[in-house]
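For reference, the structure I am asking about is given below.
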Amino acid sequence: MNWKRLFSSKPGAQLTPELRARIQTSFDEAARDEEHFPSTIDPRIYHVKLIHHHLGNLAGRRVLDVGCGKGRFARVFQEQEPLAELWGLDISEEMLRYVPAGIHTRAGAMTELPFEDAFFDGAYATESLEHAVEIEKAVSEICRVVKPGGRIAIIDKNAEHWGRLDTPAWEKWFTRKQLERLLRRDCREVSSQFVSYWEDVEPDGLFLAWLAVK
Ligand SMILES: C[S@@+](CC[C@H](N)C(=O)[O-])C[C@H]1O[C@@H](n2cnc3c(N)ncnc32)[C@H](O)[C@@H]1O
């Protein structure tokens, strides 16, 4: 498969101002739906544990949650790592209202991160890159704002399971190889693995975690 074509030449693969406004409005409205867009997550969920394990000890480190939503992952890390400097970025200001005090927030698109190069020690994105539309640009931006040697974790859905869930028109899922290849442009170590919510449940292939060291 030509992964480059898949990401860059699909019709509608540009985050035009109109599409950006549509996505933003959709998530602003979704913020009211606490059942499907919760502001908390059980810290025992493997997605949380895996990201924390990959990022390592966060004391004194600056970490970005990309497409943080209500900041449910950052909320756990704030509790577990009170000395970490946590930041959350999201396109939806309504989502950001739920992010707990003490976590820095920025409204913006992950394809144009409002941070200087190498500002963060690490970054992670959970079920958000799939909404970025311009996937290559978003991955490149995430890598840009992380320091050399910094760690990146991305959890999203597997393109091989496309169709299993209802998705908005702009959403894209990736295969292991597609995202590995994008991350390898800027990162020296890249791996991926299937993940399920609970460590003792065999992954069913829907969720993938990509782990990288810049
Ligand atoms: C399914 S939610 C996941 C939120 C959070 N990562 C979590 O796991 O709870 C997807 C989030 O991505 C945000 N988002 C969508 N497109 C974005 C973009 N281009 N830049 C930044 N955030 C974006 C949405 O506003 C939404 O909060």
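Residues in the stretch 27-49 that are aromatic (F, W, Y), in contact with an Asp or Glu (Cβ under 8 Å, 6 or more places away or on another chain) and within 9 Å of the ligand (Cβ to nearest atom): how many? Reasoning before the result, please.
Applying the first criterion (aromatic (F, W, Y)) to the stretch 27-49 yields 27, 37, 46.
Those still in the list that are in contact with an Asp or Glu (Cβ under 8 Å, 6 or more places away or on another chain) too: 27, 46.
Narrowing the set further to residues that are within 9 Å of the ligand (Cβ to nearest atom) leaves 27.
Selection size over the stretch 27-49: 1.
Taking the stretch 169-188, which residues are modelled with pLDDT of 95 or more and either surrounded by fewer than 16 Cβ atoms within 10 Å (Cβ to Cβ) or among the charged types (D, E, K, R) (or both)?
Across the stretch 169-188, the qualifying residues are E171, K172, R176, K177, E180, R181, R184, R185, D186, R188.
Tally time: how many residues in the stretch 64-94 are outside any loop (DSSP other than H, G, I, E, B), near the ligand (Cβ under 7 Å from one of its atoms) and within 11 Å of I41 (Cβ to Cβ)?
Matching residues across the stretch 64-94 total 2.
Starting from the stretch 189-201, keep only residues that are surrounded by 13 or more Cβ atoms within 10 Å (Cβ to Cβ), then list their pairs with residues that are among the acidic types (D, E) whose Cβ atoms are within a distance under 7 Å, requiring at least 6 positions of separation or different chains.
Final answer for the pair search is V190/E180; S192/E180; S196/E202; S196/D204.
Could you check the stretch 119-150 and list, in sequence order, the residues that are over 24 Å from G205 (Cα atoms) and in contact with a Gly (Cβ under 6 Å, 6 or more places away or on another chain)?
D121, G122, G150
Can you tell me which of K172, K157, K147 is closer than 20 Å to A30 by Cα, assigned to a strand (DSSP E or B), in contact with an Asp or Glu (Cβ under 8 Å, 6 or more places away or on another chain) and not hydrophobic (A, V, I, L, M, F, W, C)?
Details: K172 fails: assigned to a strand (DSSP E or B); K147 fails: closer than 20 Å to A30 by Cα.
The match here is K157.
Tell me, please, whether a residue that is among the β-branched types (V, I, T), under 24 Å from D33 (Cα atoms), more than 7 Å from the ligand (Cβ to nearest atom) and in contact (Cβ under 8 Å) with a residue 24 or more places away in the chain can be found in the stretch 111-131. First the steps, then the outcome.
First, the residues of the stretch 111-131 that are among the β-branched types (V, I, T): 111, 126.
Next, only the ones that are under 24 Å from D33 (Cα atoms) stay: 126.
Filter once more, so that each one left must be more than 7 Å from the ligand (Cβ to nearest atom): none.
Within the stretch 111-131, not a single residue is among the β-branched types (V, I, T), under 24 Å from D33 (Cα atoms), more than 7 Å from the ligand (Cβ to nearest atom) and in contact (Cβ under 8 Å) with a residue 24 or more places away in the chain.
Between S39, S26, which is more than 27 Å from E199 (Cβ to Cβ) and of a type in the set (S, T, Y)?
Answer to the check: S26.
Checking A13 against (1) at pLDDT below 95; (2) buried (at least 20 other Cβ atoms within 10 Å of the Cβ), only one condition comes out false. Which one?
Unmet condition: (2).
Within the stretch 57-91, can you find the residues that are closer than 15 Å to S128 by Cα, of a type in the set (D, E, K, R) and in contact (Cβ under 8 Å) with a residue 40 or more places away in the chain?
D65, D90 - these are the residues of the stretch 57-91 that are closer than 15 Å to S128 by Cα, of a type in the set (D, E, K, R) and in contact (Cβ under 8 Å) with a residue 40 or more places away in the chain.
The values are calculated or read from the model by the stated rules, or taken from the named source; none is laboratory data. Since the model is a prediction, treat every value here as computed from it, not as a measurement. Because the Cβ atoms are built from the backbone with ideal geometry, glycine has one as well, and the counts that use them run over all protein chains shown.
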